[in-house]
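Asks: This is the structure, below, for whatever I ask next.
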There are 4 protein chains.
Amino acid sequence: MRIGIIGGSGYTGVELLRLLSVRDDIEIVFISSRAQAGTRVDALFPSLRGHVDLLFSDPDDVTDASCDLVFYATPNGTAMNQAPALLDKGTRVVDLSADFRLKDIAVWERWYGMTHTCPEWVEKAVYGLPEMYREEIASAQLVANPGCYPTAVQLGFLPLVEAGLVDTGSLIADVKSGITGAGRGASVPNLLAEASDSFKAYGVSGHRHLPEIEQGLANMTAENVSLTFTPHLLPIIRGIHATLYARLNQDVDLQKLFEARFADEPFVDVMPAGAHPETRSVRGTNMCRLAVHQPQGRGTAVVLAVEDNLVKGAAGQAIQNMNLMLGLPETKGLLQPALMP
Amino acid sequence: MRIGIIGGSGYTGVELLRLLSVRDDIEIVFISSRAQAGTRVDALFPSLRGHVDLLFSDPDDVTDASCDLVFYATPNGTAMNQAPALLDKGTRVVDLSADFRLKDIAVWERWYGMTHTCPEWVEKAVYGLPEMYREEIASAQLVANPGCYPTAVQLGFLPLVEAGLVDTGSLIADVKSGITGAGRGASVPNLLAEASDSFKAYGVSGHRHLPEIEQGLANMTAENVSLTFTPHLLPIIRGIHATLYARLNQDVDLQKLFEARFADEPFVDVMPAGAHPETRSVRGTNMCRLAVHQPQGRGTAVVLAVEDNLVKGAAGQAIQNMNLMLGLPETKGLLQPALMP
Amino acid sequence: MRIGIIGGSGYTGVELLRLLSVRDDIEIVFISSRAQAGTRVDALFPSLRGHVDLLFSDPDDVTDASCDLVFYATPNGTAMNQAPALLDKGTRVVDLSADFRLKDIAVWERWYGMTHTCPEWVEKAVYGLPEMYREEIASAQLVANPGCYPTAVQLGFLPLVEAGLVDTGSLIADVKSGITGAGRGASVPNLLAEASDSFKAYGVSGHRHLPEIEQGLANMTAENVSLTFTPHLLPIIRGIHATLYARLNQDVDLQKLFEARFADEPFVDVMPAGAHPETRSVRGTNMCRLAVHQPQGRGTAVVLAVEDNLVKGAAGQAIQNMNLMLGLPETKGLLQPALMP
Amino acid sequence: MRIGIIGGSGYTGVELLRLLSVRDDIEIVFISSRAQAGTRVDALFPSLRGHVDLLFSDPDDVTDASCDLVFYATPNGTAMNQAPALLDKGTRVVDLSADFRLKDIAVWERWYGMTHTCPEWVEKAVYGLPEMYREEIASAQLVANPGCYPTAVQLGFLPLVEAGLVDTGSLIADVKSGITGAGRGASVPNLLAEASDSFKAYGVSGHRHLPEIEQGLANMTAENVSLTFTPHLLPIIRGIHATLYARLNQDVDLQKLFEARFADEPFVDVMPAGAHPETRSVRGTNMCRLAVHQPQGRGTAVVLAVEDNLVKGAAGQAIQNMNLMLGLPETKGLLQPALMP
């Protein structure tokens, strides 16, 4: 299969390369980067020396590479302008940005501060959360790959909301992310000197992943959904930990519920009762690891969910979607154990 | 003033020394440690070379040092056995352990798994949270210094609960602590190789600070109090960040409420509206820094509170209490700016 | 191939499992641990959930597992007592401890503080540094897997010493190691609270890897060898960085020398002139990445060498040796790109 | 005393404020920053809330503030243009940049890539290393505050070179610095996502502190001086660790030598024989802590030196110099214990 990557110099780009470069069923035809055009990929990312023998190409030079599938790992606002030309030629696309995630164009425009230039492909796009939309993904031409926070939060709430067991009007997601979630751009607050040995919340009054999560949760229930979503910045490289709170409206064996819902899911691991998953236990992998608690036997369910924000939260899930779209085994290239310690 | 420290080889012990050794109104008469008896203090803690010229003494040799005040920085279960002898002689005591914090002996015994040997002093003990009990502390003979989590959580909820503005039956405290909160004992899970570059929750089904916090909150209101309390382990040395959730039962200017409540408090700093306090902004200081939000204008208040778990969460607050008890200025020795970066 | 692991609950044990569990040509027959006997491996290491379906067995129960090869990942002093029985039955062994590394028994006994119980197998053992002893390893029955520091230091000095270009009487190795090098035992100095956000040297007056390195260097030259070796502790999980200093005794193109020496080595990567390898560029891989400098054109060569102490410095090199011993492709299972970022 | 700070928005600026704001003998009259002019200082640095009630002023508005002393905490190339006007009016100046450190203008211009605009004040400037030039500093009008690396390296070599005990033609300084040494500018390599959990050397072929150190060492001896200087980047916030190597040309009691040389120095602490100083033991303090070793009794001395790069390596030493220049006690405001843990 011939694969192209648009926007390859960020963390999701190099992560796609890390996971794809070892596969013999995939040929990476090009990887573009406006800023790095002409640079060897392994000069920017020495970890890929011996694995990737490509130069970054100029995105403008990538007109027709007859790829089977193209990944967009570009900033928000790029894919909606460029992908339609490719899509119209019949190329399949997985977009890792937010351009095609929100079905409500007005909501998208308010949160992203741009006019959407391609509402027609928003309609056709399939949201790339296989645990919800596996069938549709397989036949989609355009997949909108979920955000990192939304993946963990939706998977954690899924069994509870789907089964109608909780008050969906007062959900709380207290979520903590490793700093690669902020991207590879130069920035003072993300310097090691500023962000290490410290911890803080951010975007408490409003974060772009809120409408994405609420849209996803609304698709699981007929009830009204309202979420309080608090993101925090962890002084770690990779990893998201979601701590989710929901009020139970009936008695239920939560452990059994979670195990049953995800029994056939290759990338969701429900831990034994009483467990506390660590982010490092999924470092470098496509796994989302969950545990569910009911503290003191009171009426609140607490779900703990961990994922690697660059893998299940981005590049790994994008490859999982690619596998589904291209008729390859869903887990292909995604089954390494975590790097731990 | 003559001061003694029982149990000085842990993190709260060395922190008491860091803060007290530079004061010229305080003489540290002894610092005991069963394990380290005979060792120079600055051999164990080279940061104190030139500041502390003492050896750890055997606690059994510390019979009568005619101290004005003695700190217990011992594991739970020690002070309740040893402090009464001192108290009976009239010495004043600040206990940094949990022995005298819970008024309900049965609750204490269930959570701490021991029989309490000194219920009579539990009754007389004053809970050392100056923002609530300043007057009583000043005249107390025995102060039970609050736990690290309870300090941040109580201060954060205080204005809301006291004013009756929230549903106290469904409070949530999602709290993250630096690893010194786990103490200085050798332990595999707290190794740098295990705990760094990772994040996890722990004790979700039940943590000893839950009844302490619920007791404190109950003292602020006539309503029923129920808290979901989720502690997490941060890969940082010092610092606690509490993210608190409460459902508002009426409209109110939260910023004004918080500023008014803490206007005269020297160690509570309400940040401007929209702020996100960082743990490093209080590193090494006795300050608790707060911000309050109402995301999306919906009905949930979100309070962010940071403190240094070893200072306002332990040794610093103990010294603040000591200052009050000895009639010294409350802020004496506690006003350094944070070490940032 | 049937493989056994003795002493599997430490970091080299879990790393062997991480690298071997994904291979379909290898069957892990048993993994023993006296302390963890009866525990599921993936209960101790959740990263292996779904990958390793074994319990730790008691080492005493592992009498005859008819393995093709057994790894000893035990503390020093164990393999010399237990491996001979296996070896006498014809089983091949890779020992990751120091028991068979030093040819001079008296030197070994002085540095390790024990009487050596099996000098006859020391004589037969082959030192497992493939870049020096590839042929001998392939036919060895017992391979003494090199220490983590000695691997990086020997590979870095190799081209210079072999070619007789430097004064081997005044070599200096200033080496920094990630904290997994200290093992998985509970220990106060290795707590995150003690070792993070700090840096120190240790063992400056004498470290056990000194005689191992000097023995290896002496095998490369007829000249007298004397090394000043200074280990330091890095607040990182994995990674060794060796900074090596040698006085040149003639003019030479160092870059060309290094590239030529390692041209055919699959696990030594000589970076372009002027480069500074980062430890993260080899995180999780079996690669040793080198750069060579001659600062200010003066007479001192400076070699920079990085490796992952748990892979090329331990488990990965052990598997490289296993591959050679069992006639498998040397690089099998060892070619993943590093986890970066 | 009235003090001004030019260039206050970097790490040395905020560190000057941290140390000076608690003093009652010092009034900070202004702190300028072109980029931050008009911003409250405590909005940029919340750690200073309640301690500094100033706005950053525009440097162009700071014409005549009748200060007793002004600190330049500006990038290289600024003070040489601006300070002369102040100096000519009689104001005393401590320059924390490199502008006045090198006596040889040609060497300075080669390493800093600029034409020096003020050679006459280079001649008059005193190098601010009190352990070498205490007298001259006291009466200087302009003090060139040493670089962070040069402070640790010069103090570590001082006793050996001064006494003529080592071969000064083959000195080696292998030095590791915390990341605040790279400043507060936005930069990809210094992101937490790039620099944490990793380690590398940099500038091996040539670093600007090399000529500064060689100039300093040359002032201690009549012999020829040649240094190999290798800086490395540590994933910690503060702290420099210098590991120094020198060949001894005679037998000597190194411990006694070091203790004698620094017996009267308030900010140099010689640790007991066999010690390994940790950077955290000086975190936040003006102390340089040393240990000296002679590994295996061979002919190489190894000196270990730690300092806080922002204090003894920058702002603290600048204040030590200020104290000397203004006739205040040299240690005033600089005697807090380190923040450890």
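Asks: How many residues does segment B:41-99 contain that are within 14 Å of chain D (Cβ to nearest Cβ) and either in contact (Cβ under 8 Å) with a residue 12 or more places away in the chain or on the phi < 0 side of the Ramachandran plot (or both)?
Replies: Looking only at segment B:41-99, we keep the residues that are within 14 Å of chain D (Cβ to nearest Cβ), and these are B:41-54.
Okay, now just the ones that are also either in contact (Cβ under 8 Å) with a residue 12 or more places away in the chain or on the phi < 0 side of the Ramachandran plot (or both), so B:41-49, B:51-54.
Going through segment B:41-99 one residue at a time, the tally reaches 13.
Asks: Any residue in segment D:5-24 that's within 12 Å of chain B (Cβ to nearest Cβ): show its pairings with residues that are in a loop (DSSP other than H, G, I, E, B) and among the charged types (D, E, K, R) at Cβ separation under 7 Å, as long as the two are six or more apart or on different chains.
Replies: Listed pairs, sorted by first residue: D:GLY10/D:ARG184; D:TYR11/D:ARG184.
Asks: Pick from B:LEU86, B:LEU54, B:LEU102: which is surrounded by 21 or more Cβ atoms within 10 Å (Cβ to Cβ) and in contact with a helix residue (DSSP H, G or I) (Cβ under 6 Å, 6 or more places away or on another chain)?
Replies: That would be B:LEU102, the only listed residue that is surrounded by 21 or more Cβ atoms within 10 Å (Cβ to Cβ) and in contact with a helix residue (DSSP H, G or I) (Cβ under 6 Å, 6 or more places away or on another chain).
Asks: Among the residues of segment B:286-338, write down those that are within 8 Å of another protein chain (Cβ to nearest Cβ), within 23 Å of D:LEU334 (Cα to Cα) and surrounded by fewer than 24 Cβ atoms within 10 Å (Cβ to Cβ).
Replies: Within segment B:286-338, B:LEU335, B:GLN336 meet the criteria.
Asks: Condition first: free of Cβ contacts under 8 Å to residues at least 24 places away in the same chain, under 20 Å from D:ASN323 (Cβ atoms), under 22 Å from the mean Cα position of the chain (by Cα) and not in a helix (DSSP H, G or I). Can you find one or more residues in segment D:120-127 that meet it?
Replies: Yes.
Asks: Let me ask something else about it. Kindly list, by first and then second residue, each pair from a residue in segment A:175-187 that is modelled with pLDDT of 95 or more to a residue that is among the β-branched types (Val, Ile, Thr), limited to pairs with Cβ atoms under 6 Å and residues at least 6 apart or on different chains.
Replies: Once the first residue is modelled with pLDDT of 95 or more and sits in segment A:175-187, its partners that are among the β-branched types (Val, Ile, Thr) give A:SER177/A:ILE240; A:GLY178/A:ILE236; A:GLY178/A:ILE237; A:THR180/A:ILE237; A:ALA186/D:VAL188.
Asks: Still on this structure: Quick check: is even one residue across segment B:157-168 within 14 Å of chain A (Cβ to nearest Cβ) and either in a strand (DSSP E or B) or surrounded by fewer than 19 Cβ atoms within 10 Å (Cβ to Cβ) (or both)?
Replies: yes
Asks: Something else now. Can A:LEU234 be described as hydrophobic (A, V, I, L, M, F, W, C) and more than 8 Å from chain B (Cβ to nearest Cβ)?
Replies: On the way: hydrophobic (A, V, I, L, M, F, W, C): yes; more than 8 Å from chain B (Cβ to nearest Cβ): no.
In short, no.
Asks: Suppose the filter is more than 30 Å from C:VAL303 (Cβ to Cβ) and in the same structural domain as D:VAL282 (by TED's automatic domain parsing); does D:ARG134 pass it? Lay out the reasoning, then the answer.
Replies: Numbers: more than 30 Å from C:VAL303 (Cβ to Cβ): yes; in the same structural domain as D:VAL282 (by TED's automatic domain parsing): no.
Taking the combined requirement at face value, the residue does not satisfy it.
Asks: Taking segment D:7-26, which residues are touching a Leu at 6+ places or on another chain (Cβ under 9 Å) and of a type outside the set (Gly, Ala, Ser)?
Replies: D:TYR11, D:THR12, D:VAL14, D:GLU15, D:LEU16, D:LEU17, D:ARG18, D:LEU19, D:VAL22, D:ASP25, D:ILE26
Asks: Same structure, new question: Mind checking which residues of segment D:135-153 are in contact with a Lys or Arg (Cβ under 9 Å, 6 or more places away or on another chain) and without any contact (Cβ under 8 Å) to a residue 60 or more places away in the chain?
Replies: Listed by number, the residues that qualify are D:GLN141, D:LEU142, D:ALA144.
Asks: For segment C:181-231, how many residues meet the condition of being more than 9 Å from chain D (Cβ to nearest Cβ), more than 24 Å from D:ILE172 (Cα to Cα), of a type in the set (S, T, N, Q) and part of a loop (DSSP other than H, G, I, E, B)?
Replies: Total meeting the criteria: 4.
Asks: Further question on the same structure: Going by what's in this entry, would D:PRO150 be described as closer than 24 Å to D:ARG261 by Cβ and either surrounded by fewer than 19 Cβ atoms within 10 Å (Cβ to Cβ) or more than 10 Å from chain C (Cβ to nearest Cβ) (or both)? Explain how you work it out, then say what you get.
Replies: Working: closer than 24 Å to D:ARG261 by Cβ: yes; either surrounded by fewer than 19 Cβ atoms within 10 Å (Cβ to Cβ) or more than 10 Å from chain C (Cβ to nearest Cβ) (or both): yes.
Taking the combined requirement at face value, the residue satisfies it.
Asks: Can you pull out every residue in segment A:236-265 that is surrounded by fewer than 24 Cβ atoms within 10 Å (Cβ to Cβ) and either modelled with pLDDT under 95 or part of a loop (DSSP other than H, G, I, E, B) (or both)?
Replies: Answer for segment A:236-265, where residues must be surrounded by fewer than 24 Cβ atoms within 10 Å (Cβ to Cβ) and either modelled with pLDDT under 95 or part of a loop (DSSP other than H, G, I, E, B) (or both): A:ASN249, A:GLN250, A:ASP251, A:VAL252, A:ASP253, A:PHE262, A:ALA263, A:ASP264, A:GLU265.
Asks: All but one of (1) in contact (Cβ under 8 Å) with a residue 40 or more places away in the chain; (2) surrounded by 18 or more Cβ atoms within 10 Å (Cβ to Cβ); (3) within 20 Å of the chain's Cα centre (by Cα); (4) under 25 Å from C:LEU334 (Cα atoms) hold for C:PHE229; state the number of the condition that does not hold.
Replies: Against the list (1) in contact (Cβ under 8 Å) with a residue 40 or more places away in the chain; (2) surrounded by 18 or more Cβ atoms within 10 Å (Cβ to Cβ); (3) within 20 Å of the chain's Cα centre (by Cα); (4) under 25 Å from C:LEU334 (Cα atoms), C:PHE229 comes up short only on (4).
Asks: Do you know which residues across segment D:57-80 are buried (at least 18 other Cβ atoms within 10 Å of the Cβ), hydroxyl-bearing (Ser, Thr, Tyr) and farther than 18 Å from D:GLY316 by Cα?
Replies: D:SER57, D:THR78
Asks: Restricting to segment C:266-285, and then to whatever is more than 7 Å from every other protein chain (Cβ to nearest Cβ) and assigned to a strand (DSSP E or B), can you tell me which residue is nearest to C:GLY239 (Cα to Cα)?
Replies: C:VAL268
The values are calculated or read from the model by the stated rules, or taken from the named source; none is laboratory data. Remember, predicted model here, so these are calculated numbers, not experimental data. Virtual Cβ from ideal backbone geometry, glycine too; neighbours counted across all protein chains shown.
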